[in-house]
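Single-structure report; data block below.
The values are calculated or read from the model by the stated rules, or taken from the named source; none is laboratory data. As the structure is a prediction and not an experimental result, all values here were calculated from the model. Here the Cβ positions follow ideal geometry from the backbone for every residue, glycine too, while neighbour counts run over all protein chains shown. Remember, those area values only see protein heavy atoms, side chains included, never the ligands or the DNA or RNA. Shrake-Rupley method; radii C 1.70, N 1.55, O 1.52, S 1.80 Å.
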Amino acid sequence: KRDVVKSKVRGVDSEFDHEKLATILGVPGKNGICEYIKEVWEESKYTKPLEITRRFANDDTIIKARRVKSVEMKPSQRFIHFLVMKNVIPRFGKRDTTSFMDLSYMDHLTARRLVNLLRVMMRHMSYVISVKDHELPYGDWLTMVFQAFWSSLS
């Protein structure tokens, strides 16, 4: 599936996908993991939910994959969680508990797997647009994108 963001600002239509976003931002955008998990957390080539839960909860006795609370994490793990929820999949609420997606990206980052951040951003923006009462994330990045379509935003 091709992820596309469509927008209309001051009567001007724009449309961009992750490749155009990569060009605008001047970063690579073709390779890397791009998982967007909302509720169902299934095992994949890289994602082993039970192992990830045990590792970030620091408890080998856990028998079922679940969200992990911040108090269960080591300080370095809480820092990685903070980075993920502020930069990879930004959100405003529920900061004291991980989502399945948080845990997946925390695992990818600690394992030093390449993540296709641009595709993740596109999928997250598409999700946020589909849900009412959510602010569009990645404001600093989007300013650069909008300036590519419109020379001035003032």
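Of all residues being part of a helix (DSSP H, G or I) and hydroxyl-bearing (Ser, Thr, Tyr) in the range 63-114, which is farthest from Gly32 (Cα to Cα)? Just the residue, please.
Start the filter on the range 63-114 by keeping residues that are part of a helix (DSSP H, G or I), which leaves 70-72, 75-88, 100-110.
Filter again for hydroxyl-bearing (Ser, Thr, Tyr), leaving 70, 76, 104-105, 110.
Values: Ser70: 27, Ser76: 24, Ser104: 14, Tyr105: 12, Thr110: 15 Å.
Only one residue tops the list, namely Ser70.
Residue by residue through the range 21-58, note down the ones that are closer than 25 Å to Ser126 by Cα, open to solvent by less than 100 Å² (accessible area, probe 1.4 Å) and among the polar types (S, T, N, Q).
Passing the criteria: Ser44, Thr47.
Pairs only if they're at least six apart or on different chains, beta carbon under 6 angstrom, first in the range 55-84 and more than 15 Å from Trp41 (Cβ to Cβ), second among the small types (Gly, Ala, Ser); list them, first residue then second.
Glu72/Ala57; Arg78/Ser70
Please enumerate the residues belonging to the range 116-143 that are of a type in the set (A, V, I, L, M) and either assigned to a loop (DSSP other than H, G, I, E, B) or farther than 23 Å from Gly32 by Cα (or both).
Quick first cut of the range 116-143, residues of a type in the set (A, V, I, L, M) only: 117-118, 120-122, 125, 128-129, 131, 136, 142.
Residues satisfying the conditions are Ile129, Val131, Leu136.
Would you check which residues across the range 52-63 are more than 20 Å from Phe82 (Cα to Cα) and either among the aliphatic types (A, V, I, L, M) or modelled with pLDDT under 95 (or both) and list them?
Our first condition is that a residue be more than 20 Å from Phe82 (Cα to Cα); within the range 52-63, this holds for 59-63.
Correct list: Ile62, Ile63.
With the checklist (1) part of a loop (DSSP other than H, G, I, E, B); (2) surrounded by 19 or more Cβ atoms within 10 Å (Cβ to Cβ); (3) in contact with a Leu (Cβ under 9 Å, 6 or more places away or on another chain) in hand, flag the one item Val5 doesn't pass.
Here Val5 meets the rest and fails (1).
Tell me, please, whether a residue that is of a type in the set (Lys, Arg) and within 16 Å of Asp17 (Cα to Cα) can be found in the range 109-122. Please lay out each step first, then the result.
So in the range 109-122, the residues of a type in the set (Lys, Arg) come out as 112-113, 119.
Subset that is within 16 Å of Asp17 (Cα to Cα): 119.
Yes, some residue in the range 109-122 is of a type in the set (Lys, Arg) and within 16 Å of Asp17 (Cα to Cα).
So which of Lys74, Lys94 is farther than 23 Å from Val27 by Cβ and modelled with pLDDT under 85?
Values: Lys74 fails: modelled with pLDDT under 85.
Lys94 is the lone residue from the list that is farther than 23 Å from Val27 by Cβ and modelled with pLDDT under 85.
Could you grab me the full set of residues in the range 59-68 that are open to solvent by 70 Å² or more (accessible area, probe 1.4 Å) and farther than 12 Å from Ser99 by Cβ? Let's see the steps before the verdict.
Applying the first criterion (open to solvent by 70 Å² or more (accessible area, probe 1.4 Å)) to the range 59-68 yields 60-61, 63-64, 66-67.
Listed by number, the residues that qualify are Asp60, Thr61, Ile63, Lys64.
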